[in-house]
1. Among 164, 115, which is at pLDDT 95 or above and exposed (fewer than 15 other Cβ atoms within 10 Å of the Cβ)?
2. Charged (D, E, K, R) and under 22 Å from the mean Cα position of the chain (by Cα) - does that describe any residue in the stretch 91-106?
3. Looking only at the stretch 79-93, count how many residues are surrounded by 12 or more Cβ atoms within 10 Å (Cβ to Cβ) and at pLDDT below 95.
4. What do you reckon, is residue 114 under 15 Å from the mean Cα position of the chain (by Cα) and in contact (Cβ under 8 Å) with a residue 24 or more places away in the chain?
5. Of the conditions (1) within 22 Å of residue 161 (Cα to Cα); (2) touching a residue at least 40 places away in the same chain (Cβ under 8 Å); (3) surrounded by 15 or more Cβ atoms within 10 Å (Cβ to Cβ), residue 131 fails just one. Which one is it?
6. Does residue 99 satisfy being farther than 22 Å from residue 38 by Cβ and crowded, with 18+ Cβ neighbours inside 10 Å?
7. Only strands (runs of 3 or more DSSP E) wholly contained in the stretch 1-107 count here; list those with 1 or more residues that are over 23 Å from residue 176 (Cα atoms).
8. Being under 18 Å from residue 101 (Cβ atoms) and in contact (Cβ under 8 Å) with a residue 24 or more places away in the chain narrows it down to one residue among 38, 48, 74, 61; which is it?
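The values are calculated or read from the model by the stated rules, or taken from the named source; none is laboratory data. The shown structure was predicted, so the numbers you read here are calculated from the model rather than taken from an experiment. Ideal geometry is used to build each Cβ from the backbone, glycine not excepted, and the neighbour counts take in all protein chains shown.
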Amino acid sequence: MSKPTGMEWAALITGVVGALAWLPTIIPLMLPQTIEGKVISQYANLSKLPGGGDSSIFVQKVSLFSKNNGFFLKDVEIYLKYPTSLREEKCTVWTWRSLVFTFDENGRAVQRKLRIDARDYLLHHSVLPRDQAVVGYLSFSSNHLQDERYEYVRYVFIDFEGKRKQLRIQGKDILDNKTIFDDSIWM
């Protein structure tokens with residue numbers, strides 16, 4: 001067996017460097033896909049649903065991204081867990097055509113109508129690109145009528161093949177002093 005020549009070493013090194021150049025593309029495909037995010041703003045109110053009946057209604061502005069791979073979003077399920085409940089409660093997701101909230105402004109109850117373009121709801125996005133933030137609104141109702149902060153909110157994102165990815169955000173991590181008040185959505 002003869003010793004490798006300089007040309008053979010150069011070819012080997014070139015091959016290894018060429019193979020390594022593909023690593024940044026291949027490694028994310030091998031890592032597990034997760035959906036990460038945070039709540040940017042949140043409004044909650046007791047109100048009537050379109051079919052009647054009282055409900056706790058939440059409007060959240062959320063920033064999401066799909067880590068390591070894109071996610072093709074078909075549907076979203078939302079669950080709330082309250083400290084006084086033993087189980088999570090499945091919420092109803094809404095794209096509101098008409099919704100009125102009552103706000104306390106200087107001790108006066110003021111009603112404001114929600115004004116969000118339907119295209120700005122996250123439910124209407126079909127792709128969460130890899131490692132790229134998508135910002136939009138999620139709105140949902142809960143049968144829990146007590147004035148109480150939830151322990152956590154759990155989002156279940158479902159793709160077109162029925163695969164599910166979850167994101168759980170603790171209620172204590174949604175701090176009033178770190179969320180924005182998106183007054184532009186109320187008129």
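1. Answer to the selection: 164.
2. Yes, there is a match, as at least one residue in the stretch 91-106 is charged (D, E, K, R) and under 22 Å from the mean Cα position of the chain (by Cα).
3. 1
4. The answer is no for residue 114.
5. Result: residue 131 fails condition (3) only.
6. Judged against the criteria, residue 99 is a match.
7. 34-48, 54-67, 71-81, 92-94
8. Just one listed residue meets the conditions, 61.
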